[in-house]
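The values are calculated or read from the model by the stated rules, or taken from the named source; none is laboratory data. Because the structure is predicted, anything quoted here is derived from the model rather than measured. Using ideal geometry, Cβ is built from the backbone for each residue, glycine included, and neighbour counts are taken over all protein chains shown.
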């Protein structure tokens, strides 16, 4: 880059002090505003006892700090990196852009080196400055007949990409959860209507009235003109249902009742909607994180972004296909619950009750759904961040952008993934994953969680002391203590 103008070789020794002070003021001012904003958000979340969201905010700070540290490392070691020299032939393979046929890589670098070192001395005011001192690494590799492994300009662009990726990923994750919770809050009137009608699940389950299974709205809506034995049509119906009316009132009431009768039979007026919100807030901190396997994806993508492969376009289909498969699976879990009831009963006494089970999920683990949502959101954010970075840094018609007619489909896919995940898949995840064999610690308030865990630890310590003293030989803790320990461990 020094070859593009002598100003880039100017050090702080020859930069006006008012410029240095002004730039520092702007940078420090922006940093303080962002830091104070995050601080006030944290205080608000703690004041309103939103511990899961506060932990998610801390996770965002960690990710931003990690990105900043990566950028700092590139800055500190840039003089070392630009002096790593390699043979010219190494630079001719796996290029994101193809060099013009009449221009060789070595010729370009040689020309740049000649332009920057042709006049060995540059003058700034009344001071004479050596170009090699102003911009370390210029001409260093050329003197050895080699080329730099990474130029100073490429390092600057990499700094910008890391910053853009961090901002876009955090922004998209927050927007996804905000829109998802907004969709879930639209279900609150279903919960309120149940409470207003003094709905009692125990009494409803013992009503002497018998009804035909297929007369229930839950079964009728899930098998609209479809035989319960048609597996293919069941999957097809689940695929299209995720785009419109992904969850109905009858679905909500059936899943709610199944959860309560399985996990909270003693509390028929359990606020299922509030529990789902707390559970989703608890999962949010996992969504905003960037795990090691996501960095592996970034490295592989950068490696495969080769000229003519249009990797940036094909990679956008990965989160889209995963999201469609995930949404279909979540809808099909609800259909399976309805299918089980329809297969086992012709008529039922009282309300229809589904039976939650981990067997309905991939690998019998509902947690896999959250993992896939995490991967989908990051890949989509990475794809959008990469697009905007190329657009701003190199231009829409840059060779690294690829063929322009791929741009519109790529953006449409990215927007579709974001909207579908926010308004359909994430809300479905929040309620359908409650149909597993266990429930999350979010079912309890913070003080209840702390009390249960403390009590369980106390019982365990007492049991160990009895075993150590030999007084408890041949005896077991009472049933209530064992049940309490299991409940506390489940909540933990």
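Every residue, every condition in (1) surrounded by 19 or more Cβ atoms within 10 Å (Cβ to Cβ); (2) in a helix (DSSP H, G or I), yes or no:
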| site | (1), (2) |
| --- | --- |
| 356 | yes, no |
| 373 | yes, yes |
| 383 | yes, yes |
| 388 | no, yes |
| 391 | no, yes |
| 396 | no, no |
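Within the range 173-222, the residues that satisfy the criterion of being outside any helix (DSSP H, G or I) and either modelled with pLDDT of 75 or more or touching a helix residue (DSSP H, G or I) at 6+ places or on another chain (Cβ under 6 Å) (or both) are 186, 187, 216.
In this entry, residue 340 is excluded by the filter for residues that are in a helix (DSSP H, G or I), modelled with pLDDT of 80 or more and either touching a helix residue (DSSP H, G or I) at 6+ places or on another chain (Cβ under 7 Å) or surrounded by 20 or more Cβ atoms within 10 Å (Cβ to Cβ) (or both). Under the condition of being within 26 Å of residue 425 (Cβ to Cβ) and touching a helix residue (DSSP H, G or I) at 6+ places or on another chain (Cβ under 9 Å), the residues counted in the range 265-309 number 27.
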